[in-house]
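Accompanying notes for the structure given below.
Read the figures in this text as sums done on the coordinates, not as results from a lab. Fair warning: this is a prediction, and the values are worked out from it, not measured in the lab. When we count neighbours, we look across all protein chains shown, and the Cβ atoms used for this are built from the backbone with ideal geometry, even at glycine.
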Amino acid sequence: MNPSILLCAAVLAATPTANPGVSHDVADTSFTPLVLNGRRSGADYMSPSTQAMQRDDTQNPAMLWVATGEQLWRTTAGESNKSCASCHGDAQASMKGVAARFPRFSKAAGHVITLSDQINQCRKGALKAPPFKAESEDLLALEVFIARQSRGMPMNPPTDANTAASASRGQKLFTTRMGQINLSCAQCHDDNAGKRLAGAPIPQGHANAYPIYRLEWQSIGSLQRRLRNCMNGVRAEVPPYGAQDLIDVEAYLALRAKGMPLETPGVRP
């Protein structure tokens with residue numbers, strides 16, 4: 001755990017709010033980090049060099065996983081001897097807009113699911129293949145490949161009653177203090193966004209760029225990995241991947257970022 005988290009309350013209280021003015025030097029408007037109704041993408045808080053890394057596919061490290069995901073899309077698996085492409089064809093057409101609509105309620109599962117859950121649901125069902133392990137390289141690669149097809153499209157979470165209920169539970173969790181540090185997500189990302197923690201800016205915490213490549217991880221990771229990191233940082237009990245609490249928070253964050261452009265694959269420090 002990063003020991004700087006232990007100083008969180010003191011740092012948040014002592015650090016002045018950052019200048020709200022934002023300089024945009026992003027050329028590709030398909031995923032320009034926007035200020036939308038007061039909401040700022042996490043990319044707005046990054047250095048120009050990290051912003052450039054995200055927007056240039058030849059520099060973005062996550063594109064290695066995208067390439068692997070594209071290969072997996074076409075690879076046959078399981079007893080059906082089918083691939084994702086066997087059912088869905090060209091991902092650029094069939095997956096456009098899909099990632100922007102997750103999490104969503106699944107009648108087959110009987111509950112709200114994430115995009116990674118949907119991938120494993122298809123593997124077990126249509127492909128008759130074993131599901132990928134949570135946070136595995138193959139699952140992340142296929143998820144980021146699919147999500148990239150929606151890059152630049154607005155986040156568009158479903159409005160059905162089941163998904164809305166999940167988002168409502170997630171909002172409650174987002175605003176509830178937790179752990180030995182006794183902090184909530186909202187205290188950092190709503191109340192103190194724009195301030196600094198141990199020299200690093202505190203973003204508004206919008207989840208519109210996942211799966212994401214973090215320089216501190218030297219790897220790509222899911223939103224649930226990031227949520228679990230934060231919970232560990234405030235010394236709270238960390239739920240396992242796929243836990244209902246994590247899915248609920250994801251559903252709320254999707255609603256919170258509604259209308260913001262999807263930036264996947266994002267890059268963060």
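Numerical summary
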| read-out | value |
| --- | --- |
| Gaussian network model of the chain, springs between alpha carbon atoms under 10 Å - residue of SER219, SER106, SER49 with greatest fluctuation | SER49 |
| Table column - 3J(HN,Hα) (Hz), segment 48-57, Karplus curve with 6.51, -1.76, 1.60, x for Gly and Pro | x, 5, 6, 4, 5, 5, 5, 7, 9, 4 |
| On Cα atoms only, tilt of 115-125 relative to the major axis of the chain in degrees | 20 |
| Between helix 244-256 and the chain: long-axis angle, C-alpha atoms, 0 to 90°, nearest 10 | 70 |
| For segment 132-216: relative contact order, % (alpha-carbon pairs under 8 angstrom, 6 or more apart) | 19 |
| Amide hydrogen neighbours beyond the local backbone of LEU262, cut-off 5 Å, H modeled | GLY152, MET153, MET155 |
| Other-chain or far-sequence residues with amide H under 5 Å of ARG268's (modelled H) | TYR213, ARG214, LEU215 |
| Under the Debye formula (equal points on every Cα, no solvent term), log10 I(q)/I(0) of segment 108-170 at q = 0.25, 0.26 Å⁻¹ | -1.13, -1.14 |
| Euclidean distance between Cα centres, segment 48-98 to segment 100-116, Å | 20 |
| Under Karplus coefficients 6.51, -1.76 and 1.60, residue-wise ³J(HN,Hα) of segment 213-230 in Hz, glycine/proline x | 9, 10, 5, 5, 7, 6, 6, 8, x, 8, 4, 5, 4, 5, 4, 5, 4, 5 |
| Exposure proxy ranking, count of Cβ atoms within 10 Å, fewest first, for ILE113, ILE119 | ILE119, ILE113 |
| Per-q log10 I(q)/I(0), segment 63-148, q = 0.17, 0.21, 0.23 Å⁻¹ (Debye; single scatterer per alpha-carbon; no solvent) | -0.66, -1.04, -1.26 |
| Two-decimal Rg to Rh for segment 171-269 - Kirkwood Rh, Cα set | 0.93 |
| Flagged links, alpha-carbon separation over 28 Å, of LYS195/LYS258; LYS128/LYS172; LYS124/LYS258; LYS172/LYS258; LYS96/LYS124; LYS96/LYS172 | LYS128/LYS172; LYS124/LYS258; LYS96/LYS172 |
| Amide H within-cut-off set for GLY179, under 5 Å, with H built and near neighbours excluded | GLU237 |
| Estimated [θ] at 222 nm from DSSP helical runs (n ≥ 4, -39500 (n - 2.57)) normalised by residues in the chain, nearest 500 | -11000 deg cm²/dmol |
| At R0 = 22 Å, FRET efficiency that the Cβ-Cβ distance of LYS96 and ALA243 yields, to 0.05 | 0.15 |
| Sorted by Cβ density within 10 Å, fewest first, the residues TRP217, TRP65, TRP73 | TRP217, TRP73, TRP65 |
| Part-to-part distance (alpha-carbon centres) for segment 132-196 and segment 227-250, which is given in Å | 10 |
| Relative contact order of the chain, pairs being alpha-carbon contacts under 8 Å that are 6 or more residues apart, as % | 28 |
| Rel. contact order, % - alpha carbon contacts under 8 angstrom, at least six apart, segment 184-269 | 35 |
| Rg in Å to one decimal, and Dmax rounded to a whole Å, for the chain via C-alpha atoms | 18.3, 60 |
| Order of TYR45, TYR241 - criterion: other Cβ atoms within 10 Å of each residue's Cβ, fewest first | TYR241, TYR45 |
| Candidates GLY78, GLY233, GLY69: whichever shows maximal mean-square fluctuation once the chain is modelled as a Gaussian network with Cα springs under 10 Å | GLY78 |
